[in-house]
1. List the residues, sorted by chain then number, that are 5 or more residues from residue 9 or on another chain and whose placed amide H is less than 5 Å from its amide H.
2. So for the chain, averaging the separation of alpha carbon pairs under 8 Å that are six or more residues apart and normalising by length, what relative contact order in percent results?
3. Grab the DSSP H runs of the chain that are 4 residues or longer, score each as -39,500 (n - 2.57), total them, divide by all residues and round the 222 nm result to the nearest 500 deg cm²/dmol.
4. Gain in length, residue 213 to residue 19, computed as 0.36 nm per residue apart minus the alpha-carbon separation, to one decimal in nm?
5. So how far apart, in nm, are the two label points at residue 65 and residue 161 if each is 7 Å from Cα heading toward Cβ?
6. Loop only by DSSP, 12 or fewer other Cβ within 10 Å of the Cβ. Give me the trypsin sites (Lys or Arg not before Pro) in the range 141-227 that pass, ordered by residue number.
7. Set the Förster radius R0 to 45 Å, insert the Cβ-Cβ distance between residue 96 and residue 171 as r into 1/(1 + (r/R0)^6), and round the FRET efficiency to 0.05.
8. Relative contact order for the range 78-119: what percent, with Cα pairs under 8 Å and sequence separation of 6 or more?
Amino acid sequence: MKIEKYTATGNSFIICDTKNTKLTDDEKTDFVIKYVKDRDGVIFVELTEKGLFMDYFNRDGKRAAFCGNGARTFLAYVKKTDYIKKDLEEICFETHAGKITGKITPRGIQIKMPEITEFKQENVDGISGFSLKVGVPHFVVFVNNVNEVDVNDLGKSIRKKLNSNVNFVQILKSDQIRIRTFERGVEKETLACGTGATASAYVTKHLYKWKSNEIEVLTKGGILYVAFSGNSIFLEGGVENV
Ligand SMILES: N[C@@H](CCC[C@H](N)C(=O)O)C(=O)O
């Protein structure tokens with residue numbers, strides 16, 4: 001096994017390249033508990049009969065079906081390895097949320113996100129928001145100023161009612177939002193959340209009928225770009241091997 005540390009727009013990960021070692025779920029949980037330390041989750045790099053596979057565990061030692069920033073990190077890592085041909089531009093791999101494709105861009109790594117499903121308006125404890133899945137569940141709440149939100153307090157109370165990540169969204173200007181995310185399985189605010197940025201941009205574009213094909217999402221950890229093309233949604237941003 002090979003272990004490396006990465007961040008993606010502030011979302012912090014451990015990469016565990018299993019090098020064909022077959023780990024059981026319990027062994028993965030034990031690995032997470034032992035090695036995750038102060039990071040948000042662990043990305044397992046596996047070679048299966050389906051080819052390259054990304055398995056993702058939150059820092060609480062439980063699996064999540066998908067991780068947007070984690071998938072961008074997975075792509076950045078495998079690009080450096082002999083898992084794939086060096087000149088391959090578009091990289092494909094499997095996840096528990098389906099097949100993911102992505103590539104290196106001038107702004108970092110861009111991936112095509114899982115389809116948005118289960119989009120609906122919902123009230124939780126009198127707070128009106130929008131539930132949807134981007135491979136994993138998200139709840140999106142619009143606020144006047146995200147810096148005035150006690151994300152860990154309010155996020156935790158909503159999270160207790162919904163098995164979901166919770167995003168607080170402030171409209172800054174047309175095609176630009178600022179978000180803060182309370183992440184399920186991390187059970188606190190993280191510096192960025194890729195599926196959260198995607199969910200927040202999707203709901204904003206839908207609700208405010210924004211016409212442009214790209215929304216800039218400002219997070220505490222940096223900028224993520226969510227692009228729309230037909231029914232496809234793409235997430236793009238930096239990845240750092242630290
Ligand atoms: N930070 C991730 C989300 C990881 C999974 C999430 N915590 C969950 O349990 O649903 C991202 O970048 O999408």
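What follows is calculated from the coordinates using simple rules that are stated; it is not laboratory data. What you see is a predicted model; the values in this text were computed from it and never measured. Heads up, the Cβs are rebuilt from the backbone with ideal geometry, glycines too, and the neighbour counts pull from every protein chain shown.
1. 238, 240
2. 19
3. -6500 deg cm²/dmol
4. Working it through step by step, the gained length comes to 65.9 nm.
5. The modelled label-to-label distance comes out at 2.3 nm.
6. The qualifying sites are 209, 211.
7. Taking R0 as 45 Å, the efficiency between residue 96 and residue 171 is 0.85.
8. Answer for the range 78-119 is 23 percent.
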